[in-house]
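Colleague: Structure provided below as structure tokens; questions to follow.
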Amino acid sequence: MGTTLKRTASVLLLLVLLAASSALLLFKLVQHKVAKNMRPPHLKLSLEPASDLTYRTLDGTPLTLSSTKGQIVLLDLWGTWCVQCVAEMPTVQKLYDHYKNDPKVKFLIVSRMDKPSAVRSYARRNHLDLPFYITHDDEIPPAMQLNQFPATFLYAADGTLVVKHTGAADWSDASVISFIDRLKQQQLELSPRRPGEPNHLPELLP
């Protein structure tokens with residue numbers, strides 16, 4: 001009886017390991033396919049008032065999006081469980097590397113539905129040194145819940161939401177750097193436009 005139970009347990013454990021390995025392999029295959037087909041993001045201007053977001057460092061310190069006013073901010077809502085998110089992350093790392101010593105540009109790579117340990121493990125395995133944070137679903141304002149991940153937001157230095165983008169993209173493309181550089185040079189006081197009003201950032205248009 002005892003031998004039978006041990007054999008059954010061993011078989012079940014083997015099946016679980018095989019299932020986990022198969023799931024991981026499938027995840028990696030899909031990730032590779034997504035990464036291979038990624039294109040630069042279409043940075044379409046969408047001037048809107050910024051909703052505030054509470055997020056936390058991986059050590060638990062609470063922070064707010066509104067506290068970053070004065071800097072150009074790229075905020076990426078993502079998760080280690082999201083294939084498109086992990087597929088594009090190396091390109092986000094390359095963009096971050098370009099601006100990491102620029103005090104005018106700030107990156108917020110904010111994970112949802114992940115524990116800090118999962119984010120740390122993911123970053124370590126993939127050799128990423130991005131500024132990772134976490135948040136909870138109930139802390140994400142409705143205006144930022146775009147029902148698709150990753151969801152990426154670009155904010156001007158005055159706090160105005162300038163761009164929002166969903167889905168995987170190649171954020172290391174030169175067009176993104178050009179857009180952020182032009183946004184850095186923007187001297188106008190940005191404000192969300194009303195219907196019928198001209199865009200406040202004509203020189204950022206393609």
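Colleague: Can you tell me which of (1) modelled with pLDDT of 70 or more; (2) part of a helix (DSSP H, G or I); (3) loosely packed, with under 10 Cβ neighbours inside 10 Å is the one Leu5 doesn't meet?
Modeller: (1)
Colleague: Hey, any hits in segment 98-114 for a residue that's in a loop (DSSP other than H, G, I, E, B), under 11 Å from the mean Cα position of the chain (by Cα) and either among the acidic types (Asp, Glu) or under 18 Å from Lys44 (Cβ atoms) (or both)?
Modeller: No, that holds for no residue.
Colleague: OK, next. Output the number of residues of segment 147-172 satisfying the condition of being farther than 11 Å from Trp78 by Cβ, in a loop (DSSP other than H, G, I, E, B) and touching a residue at least 60 places away in the same chain (Cβ under 8 Å).
Modeller: Going through segment 147-172 one residue at a time, the tally reaches 10.
Colleague: While we're looking at this one, here's another question. Across segment 54-74, what is the number of residues that are assigned to a strand (DSSP E or B) and free of Cβ contacts under 8 Å to residues at least 12 places away in the same chain? Talk me through it step by step, then tell me what you get.
Modeller: Of segment 54-74, the ones assigned to a strand (DSSP E or B) are 54-57, 62-64, 72-74.
Applying the additional criterion that residues be free of Cβ contacts under 8 Å to residues at least 12 places away in the same chain yields 62.
Summing the residues that are assigned to a strand (DSSP E or B) and free of Cβ contacts under 8 Å to residues at least 12 places away in the same chain in segment 54-74 gives 1.
Colleague: Taking segment 34-83, which residues are in contact with a Gly (Cβ under 6 Å, 6 or more places away or on another chain) and surrounded by fewer than 17 Cβ atoms within 10 Å (Cβ to Cβ)?
Modeller: Going residue by residue through segment 34-83, those that are in contact with a Gly (Cβ under 6 Å, 6 or more places away or on another chain) are 50, 69.
Lys69, the sole residue that qualifies.
Colleague: Can I ask one more? Please specify each residue of segment 84-101 satisfying the condition of being touching a residue at least 40 places away in the same chain (Cβ under 8 Å), surrounded by fewer than 20 Cβ atoms within 10 Å (Cβ to Cβ) and not aromatic (Phe, Trp, Tyr).
Modeller: Selection gives Pro90, Lys94, His98.
The values are calculated or read from the model by the stated rules, or taken from the named source; none is laboratory data. This one's a predicted model, so the numbers in the text were calculated from it and none came from an experiment. With ideal geometry, Cβ positions are generated from the backbone for all residues, glycine too; neighbour counts draw on all protein chains shown.
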